[in-house]
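Beneath this line is the structure, given in structure tokens, with notes to follow.
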Amino acid sequence: MLAGSGLLVPSGTFSVAILSSLPAISIGIAQLYADFPLLDRSAKYVDFEVEVRSPKLLRRWLRPQAILSCDGRIPFKPLPLAQAMPMLEWGLNWVISSHAHDCLVLHAAVVERDGRALVLAADPGSGKSTLCAALVHRGWRLLSDELALVCWPTG
């Protein structure tokens, strides 16, 4: 599915189609997201289509690279092929945060326990990620180590 019509995954209120024929992406998704639900592409509107692929020219073989495109546009410069999966993660963060105009976007780590979220918003370098990692190590569930979206109507 990933190399064909793509995987349609829910991300908050958005649905994202992820496409890639790169083995690193299929391995990364299998390792990190095997338990996540998939949506039926024929029954659900696609908000964003994100693809990670190799370039068409020499960079496919000479110092291989990965390119991320969103809805046919390439918003970032290519990265080394070994960074294809992080590029997908960063690209998804960018896609959602730059298009979630109905939400307050916070630079924050977010963890969950017993159905309640703890938002750790602070300046870069202040220790959010360290505290988040310590909480996850003690049984909290990681929701984000980068961004929190707060929906105005529902909080």
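Each row is one residue, and each column tells you yes or no for (1) at pLDDT below 90; (2) under 27 Å from VAL119 (Cβ atoms); (3) touching a His at 6+ places or on another chain (Cβ under 8 Å); (4) crowded, with 18+ Cβ neighbours inside 10 Å.
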site	(1), (2), (3), (4)
GLY6	yes, no, no, yes
PRO10	yes, yes, no, no
SER26	no, no, no, no
PRO64	yes, no, no, no
MET85	no, yes, no, yes
ILE96	yes, yes, no, yes
LEU104	yes, yes, no, no
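Here GLU89 fulfils each of the conditions (1) buried (at least 16 other Cβ atoms within 10 Å of the Cβ); (2) within 26 Å of ALA66 (Cβ to Cβ); (3) not aliphatic (A, V, I, L, M) apart from (1). No other residue among VAL95, VAL136, VAL150 is part of a strand (DSSP E or B) and either among the aliphatic types (A, V, I, L, M) or within 30 Å of GLU51 (Cα to Cα) (or both) apart from VAL150.
Within the range 134-147, residues that are over 14 Å from ALA122 (Cβ atoms) and assigned by TED's automatic domain parsing to the domain that holds VAL119 have Cβ atoms under 7 Å from residues that are assigned to a strand (DSSP E or B) and acidic (Asp, Glu) in these pairs: TRP140/GLU112; ARG141/GLU112; LEU143/GLU112, counting only partners at least 6 apart in sequence or on another chain.
Where strands (runs of 3 or more DSSP E) fall wholly inside the range 1-83, the ranges with 2 or more residues that are among the β-branched types (Val, Ile, Thr) are 14-19, 48-53. With respect to the conditions (1) surrounded by 11 or more Cβ atoms within 10 Å (Cβ to Cβ); (2) in contact with a Leu (Cβ under 9 Å, 6 or more places away or on another chain); (3) not in a strand (DSSP E or B), ALA117 falls short on a single one, namely (3). Being closer than 23 Å to VAL105 by Cβ, in contact (Cβ under 8 Å) with a residue 40 or more places away in the chain and either in contact with a strand residue (DSSP E or B) (Cβ under 7 Å, 6 or more places away or on another chain) or not assigned by TED's automatic domain parsing to the domain that holds LYS77 (or both) is a description that does not apply to ILE25. Does VAL16 satisfy the criteria of being touching a residue at least 60 places away in the same chain (Cβ under 8 Å) and surrounded by 16 or more Cβ atoms within 10 Å (Cβ to Cβ)? Criteria met by VAL16.
Go through the residues of the range 49-61 one by one and say whether even a single one is of a type in the set (A, V, I, L, M) and closer than 16 Å to LEU92 by Cα. Yes; the residues of the range 49-61 include at least one that is of a type in the set (A, V, I, L, M) and closer than 16 Å to LEU92 by Cα.
The values are calculated or read from the model by the stated rules, or taken from the named source; none is laboratory data. What you are looking at is a predicted structure, and each value in this text was computed from that prediction instead of being measured. When we count neighbours, we look across all protein chains shown, and the Cβ atoms used for this are built from the backbone with ideal geometry, even at glycine.
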